[in-house]
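Note sheet for the following structure.
What follows is calculated from the coordinates using simple rules that are stated; it is not laboratory data. Since we're looking at a predicted model, the values are computed, not measured. Don't worry about glycine lacking a Cβ; one is built from the backbone with ideal geometry, like all the others, and counts go over all protein chains shown.
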Amino acid sequence: MTELRVGHLGPDHRFRSPDIPIAHGTEIISGRTLVNDRAICPNAAFPDTEIQERVPDSESVRTTRVSVNLLGDGFVEAVADRTLMDLSRNQCRSTHGKVCGFVILVPIIEAAGQAGVGRFGWKNQHASLLSFSGDAYLNEMGITTQLFPDEVTKLCNTVTEPNDKPGADGLADVDHFARFLRASKAPPRDLKLAGTPAAKRGSDLFDKIGCEMCHVRSMVTAPAGTKINGGAFTVPAALGNKTFHPFGDFLLHDVGTGDGIVIPIVEHYGRAAGRMPRECTPENFQGTRNRIRTAPLWGLRLRTRLMHDGASLTIRDAILRHAGEADQTTRAFRKLAPTDQEAILEFLTSL
């Protein structure tokens, strides 16, 4: 799926979330960058109420974003915050500041007042899968939960909040959804293709030209029993102390394709936006403007639109779009012999 996000720069050249008029301008939707493609009104019950969002001319920062793969994210959630912080520090040290994964601390919605290292979403706006799920329930599907109990608009609303209530087992649908994500496995590799001489050579070249700096091959999760997400979740045995191979670092980088959008606090944190943990600084949030989370490459062969906006239709296109922190690596790829470039592409196609 493709989303539309917009905003504008204020007089101070800092990003501002848009003001989107609905219902012929009688209500303004603020604090979100997401512009919903469809609306439920007008309908038979509300024939004279129109709540479709449209982008005003004032919102000159515009981008599309493709939905991210969620399979295997239980392992990503179980990575200790310190692991990601150390990875960022080591990148900076080993490249003399040329490649530095940006770490952002974000609120954990289910643990009031607690913050964690963001790792989910193109801007790393969430640290936990439950927070990420609650955000998606409200903003993509229009379903309020205990985590996000407030509708974006009350117009055309006929049901009580939250829509998603705990069942007989004490868990709401959003809780079951987060459990499902934690239990999912990452897409397996094409082992036949991975075993070809070309793919093996491409794997070596992938490291040699520097791709592995951000597309990290392997990570290890925290030990079973570790409390994460502000103490709201305990790493289970199935996810604890496991080595997995995401080919990503889950950090934010400026690779020349930044979309100019800053994390919208109201949209992603709801009521928690009014009591942000002190670690979640405005400057850090502004720092996400032209940075994008490294796309993990596991399951790459199963995707047809690449990069955050889906504008790259081939793996080669995606590689050649890299600039900024990845400029040196892109230059190295361009200098390779055609057969070596093809070897890297064959390796990536096996992921």
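A 21 angstrom limit on the alpha carbon distance is what I want to check against. Which of K200/K335; K123/K154; K98/K208 exceed it? Over 21 Å Cα-Cα: K123/K154. For G25, neighbours were defined as the other residues whose beta-carbon sits under 13 Å from its Cβ, and their charges (Lys and Arg +1, Asp and Glu -1) total -3. When Lys and Arg each count +1 and Asp and Glu each count -1, what net charge do the other residues less than 11 Å away from A323, Cβ to Cβ, add up to? Taking every other residue near A323 into account, the sum is -1.
The string of couplings for the stretch 320-329 from the Karplus curve (6.51, -1.76, 1.60, θ = phi - 60°) is 6, 6, 5, 9, x, 4, 9, 4, 5, 5 Hz, one whole number per residue in order, with x for Gly and Pro. Only Lys, Arg, Asp and Glu carry charge here, each on its Cβ (+1 for the first two, -1 for the last two); on that basis the stretch 1-158 has a dipole of about 800 debye about its Cα centre. Look at the alpha carbon pairs under 8 Å that are at least 6 residues apart: their mean separation over the length of the stretch 82-129 gives a relative contact order of 24 percent. Multiplying the residue separation of A194 and K165 by 0.36 nm and subtracting their alpha-carbon distance yields 5.9 nm.
In summary, the convex hull built on the alpha carbon positions of the stretch 199-351 has an orientation-averaged projected area of 10.9 nm². In loop segments of the stretch 52-149 as defined by DSSP, the trypsin sites (Lys or Arg not before Pro) with at most 16 further C-beta atoms inside 10 Å of their C-beta are R54, K98. When you work out D = kT/(6 pi eta Rh) for the stretch 101-246 at 20 °C and 1.002 mPa s, using the Kirkwood radius from C-alpha pairs as Rh and the Stokes-Einstein form, the result is 119 µm²/s.
Here's the picture: charge each Lys and Arg Cβ at +1 and each Asp and Glu Cβ at -1 in the stretch 2-349, and of Y137, N69, T153 the one pushed furthest to the positive end of that dipole is N69. Using +1 at the Cβ of each Lys and Arg and -1 at the Cβ of each Asp and Glu in the stretch 2-349, identify which of P56, G225, Q286 lies farthest towards the dipole's positive end. Highest projection toward the positive end goes to G225. Hydrodynamic analysis of the stretch 74-124 uses the Kirkwood radius over alpha carbon pairs. Inserted into Stokes-Einstein at 20 °C and 1.002 mPa s, it gives a translational diffusion coefficient of 179 µm²/s.
Taking a ≥ b ≥ c as the square roots of the eigenvalues of the Cα gyration tensor of the stretch 282-351, is the shape rounded (a/c under 1.5), prolate (a/b larger than b/c) or oblate? Taking the square roots of the gyration eigenvalues as a ≥ b ≥ c, the stretch 282-351 is oblate. Here the Karplus curve 6.51 cos²θ - 1.76 cosθ + 1.60, taken at θ = phi - 60°, turns the phi angles of the stretch 36-49 into couplings of 6, 6, 9, 9, 8, 10, x, 8, 4, 6, 10, x, 10, 10 Hz, with x standing for Gly and Pro. Taken over the chain, the convex hull of the Cα atoms encloses 154 Å³ per residue. When the trypsin sites (Lys or Arg not before Pro) in the stretch 146-183 are filtered for DSSP coil states and for at most 13 other beta-carbon atoms within 10 Å of their beta-carbon, the remaining sites are K154.
Each label was represented as a point 7 Å from its Cα along the Cα-to-Cβ direction; for T83 and L302 these points are 2.1 nm apart.
Does the stretch 156-235 come out rounded, prolate or oblate by the C-alpha gyration tensor, with a ≥ b ≥ c the root eigenvalues, rounded set by a/c under 1.5 and, if not, prolate when a/b is larger than b/c and oblate if not? Because a/c hits 1.5 or more and a/b exceeds b/c, the stretch 156-235 counts as prolate. In terms of the Cα gyration tensor, with a ≥ b ≥ c the square roots of its eigenvalues, is the stretch 222-274 rounded because a/c is under 1.5, prolate because a/b exceeds b/c, or oblate? Here the stretch 222-274 falls in the oblate category. This model, with +1 at the C-beta of Lys and Arg and -1 at the C-beta of Asp and Glu, gives the stretch 231-330 a dipole about its Cα centre of some 360 debye. Calculate for the chain the 222 nm mean residue ellipticity that helices alone would give, adding -39,500 (n - 2.57) per DSSP H run of length 4 or more and normalising by residue count, nearest 500 deg cm²/dmol. Result for the chain: -7500 deg cm²/dmol, rounded to the nearest 500. Between L71 and R275, full extension at 0.36 nm per residue minus the direct alpha carbon distance yields a gain of 70.3 nm.
Comparing mean-square fluctuations of D169, D19, D73 from a GNM of the chain with C-alpha springs under 10 Å, the top value falls on D169. Rounded to 0.05, the FRET efficiency of the D12 and N43 pair, given R0 = 51 Å and the Cβ-Cβ distance, is 0.75. Across all Cα pairs in the stretch 252-314, the calculated P(r) in 10 Å bins from zero up to the longest distance comes to 18, 39, 29, 13, 1 percent per bin. Shown in residue order for the stretch 335-345 are the 3J(HN,Hα) couplings computed by the Karplus curve 6.51 cos²θ - 1.76 cosθ + 1.60 at θ = phi - 60°: 7, 5, 5, x, 5, 6, 4, 5, 5, 5, 5 Hz (x for Gly and Pro).
Summing Lys and Arg as +1 and Asp and Glu as -1 over all other residues whose Cβ lies under 14 Å from the Cβ of F15 gives a net charge of +2.
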